[in-house]
Amino acid sequence: MHSDARMLIAVRVVVVTTLLLASLIIQFTVRELLPITYIYLTAAVAYGLTLVYIGLGQLFPSRKLNLYVQLFGDLCVETLLVYFTGALDSPFSFLYLVSIITASIMLYRRGGLMTASAATILYGLLTNPEFCLLNFH
């Protein structure tokens, strides 16, 4: 597995662990219980995908393939988090930009455009039904 694919895995684990620890701290310091079980589920999915990426990195040595698979998985996790936190009103929609910027840095223009296209499609699939329901009721 290439070093940039390993770095992306390491950064993902650090970010997900930080989000998980922050959620636990919030959960135990706020008097009322907040519904943050979705963060635990999203973290579990992200950790599971990380194990899949490590396995795929051993099976398929292609740098581009590994990075595209990881970035698409990140987009899916981001979509899950946006869904759980209110879709159109989600404060986590900006995370798509992180994946697009990462793809642009690691896979240059083509990778950035492909990731931006995938992010747009996933976000549209998630929010379009909600937007239509809001406008027709």
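Remind me, what semi-axes does the chain give for its equivalent ellipsoid, largest first in whole Å, using sqrt of 5 times each Cα gyration tensor eigenvalue?
The answer is 27, 21, 11 Å, longest axis first.
Given axes a ≥ b ≥ c from the Cα gyration tensor, I'd like to know whether the range 1-70 is rounded (a/c under 1.5), prolate (a/b larger than b/c) or oblate.
Prolate shape, in that a/c is at least 1.5 and a/b is the bigger ratio.
How high is the relative contact order of the range 3-136? Use alpha-carbon pairs under 8 Å, at least six apart in sequence, and give a whole percent.
So the answer I get is 20 percent.
Going by how many other beta carbons lie within 10 Å of each one, how would you line up Ile25, Ile101, Ile39, fewest first?
Ranking Ile25, Ile101, Ile39 by Cβ neighbours within 10 Å, fewest first, gives Ile25, Ile101, Ile39.
Which of the trypsin sites (Lys or Arg not before Pro) found in the range 23-79 are in a DSSP loop and have at most 14 neighbouring Cβ atoms, other than their own, within 10 Å?
Those that pass, being in a loop and sparsely packed, are Arg31.
Each value in this text was obtained by applying a stated rule to the coordinates, not by laboratory testing. Here the structure is a predicted model, which is why all the values come from computation and not from measurement. In this analysis, Cβ positions are derived from the backbone assuming ideal geometry, glycine residues included, and neighbour counts consider all displayed protein chains.
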